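Here's the structure we're looking at; comments come further down.
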Amino acid sequence: MNAQAASSLDTFTSVNAGPIIMMGAPGAGKGTQSKAIVERYGIPQISTGDLLRDNVVRGTELGQKAKAIMDRGDLVPDPLMFEMMTVRLKGEDCCRGFILDGFPRTVAQAQWLDNLLKDKFFDKVCSIPPVVVSISVDYNGLLQRLTGRRSCPTCGRIYNVHFQPPKVSGVCDADGSALQLRRDDTEEVIKERLHAYEAMTLPVKEYFRAAGRLVEIDGDRPVDQVTRDVLRAIDRHGNRL
Ligand code: AMP
């Protein structure tokens with residue numbers, strides 16, 4: 001299949017999609033774009049933020065250790081992240097590939113991931129080279145996106161009170177649940193998260209750029225245009241289609 005001929009509505013749920021890493025500051029649209037990739041390739045989206053929040057809600061040992069760190073907007077220590085990711089990535093559903101959303105966030109995490117993917121378990125997944133999709137959005141745009149973000153606790157749908165409001169204020173269009181503001185989406189914590197992103201994650205981008213794996217996408221455009229470019233970039237990289 002010629003990638004140019006594939007439309008953003010086509011699905012390819014039996015191809016080996018390989019590892020796909022989504023990068024971008026909080027609020028850049030990684031989650032939204034990841035959902036489009038899930039639909040196209042039928043591979044799981046692994047959001048480290050979601051995994052950690054789930055651990056916090058369930059009150060696991062990891063959740064108890066991570067809660068205060070996440071509330072401050074700091075990064076959870078690598079040993080905890082590595083333990084959680086090893087278990088998740090060796091899940092049966094990752095055998096054709098997976099989308100990482102929120103990981104790696106440091107060069108140490110990127111190097112750890114490269115090593116983990118050398119494990120025999122990942123032979124099939126890694127026959128396709130990992131691709132890193134980086135979505136960029138300007139700082140003020142990010143602040144507006146994050147302070148306006150609301151999510152549905154039932155179906156996970158994400159809204160924005162400024163750009164993508166629900167039909168009825170505060171209520172999910174799909175299932176009528178009351179929409180929630182994430183506890184770390186307050187302006188003070190957001191600034192801390194953007195700062196942590198700048199300081200620690202930009203070197204990761206350089207790491208992947210040097211390895212020739214980075215594809216940069218302008219995220220300051222309507223969602224469907226960004227989706228089109230993201231899917232095209234993934235399809236082309238490593239001749240997935
Ligand atoms: P996110 O939903 O991706 O914005 O993540 C929410 C919070 O989870 C972050 O502010 C961190 O405290 C923590 N977190 C998520 N991913 C990582 C990671 N790769 N390394 C360290 N901490 C993380």
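None of the figures in this text is laboratory data; all of them are computed from the coordinates on show. What you see is a predicted model; the values in this text were computed from it and never measured. Here the Cβ positions follow ideal geometry from the backbone for every residue, glycine too, while neighbour counts run over all protein chains shown.
Here's how it looks for residue 171: its modeled amide H is under 5 Å from those of 179, which are all 5 or more places away or on a different chain. Residue order for 53, 72, fewest other beta carbons within 10 angstrom first, comes to 72, 53. Spatial offset of region 176-241 relative to region 82-130 amounts to 18 Å, using the alpha carbon center of each.
From the cross-link list 30/191; 67/124; 65/90; 65/205; 65/191, which pairs have alpha carbons spaced over 26 Å apart?
67/124; 65/205
Rounded, prolate or oblate: which fits region 56-113, taking a ≥ b ≥ c as square roots of the Cα gyration tensor eigenvalues, rounded meaning a/c under 1.5, else prolate when a/b beats b/c? Since a/c reaches 1.5 but b/c is at least a/b, the shape of region 56-113 is classed as oblate. When each of the peptides 182-189, 41-48, 113-120, 141-148 is scored by the mean number of other C-beta atoms lying within 10 Å of its residues, the order from highest to lowest reads 41-48, 141-148, 182-189, 113-120. Taking θ as phi - 60° and the Karplus parameters 6.51, -1.76 and 1.60, the scalar couplings of region 167-173 work out to 4, 10, 3, x, 10, 5, 4 Hz in sequence order, x denoting glycine and proline. Each Lys and Arg adds +1 at its Cβ and each Asp and Glu adds -1 at its Cβ; summed about the Cα centre, region 24-130 shows a dipole of about 140 debye. Specify which residue in the list 163, 22, 121 is farthest towards the positive end of the charge dipole of the chain, using unit charges on the beta carbon of Lys, Arg (+1) and Asp, Glu (-1), about the Cα centre. Result: 121. Using every pair of separate Cα atoms, the Kirkwood estimate puts the hydrodynamic radius of region 111-205 at 16.3 angstrom. Amide H to amide H distances under 5 Å link residue 23 with 133, 134, 135, where only residues 5 or more positions off or on other chains count and H is placed in the peptide plane. Residue-wise HN-Hα couplings along region 34-49, as the Karplus relation 6.51 cos²θ - 1.76 cosθ + 1.60 with θ = phi - 60° gives them from phi, are 4, 4, 5, 6, 4, 5, 6, 9, x, 10, x, 9, 10, 9, 5, x Hz; Gly and Pro carry x.
The mean sequence separation of alpha-carbon pairs under 8 Å and at least six residues apart, normalised by the residue count of region 165-236, gives a relative contact order of 12 percent. Normalising the average separation of contacting C-alpha pairs (under 8 angstrom, six or more residues apart) by the number of residues puts the relative contact order of the chain at 30 percent. Against the compact-protein benchmark of 2.2 N^0.38 Å, the Cα-based radius of gyration of the chain scales to 0.99.
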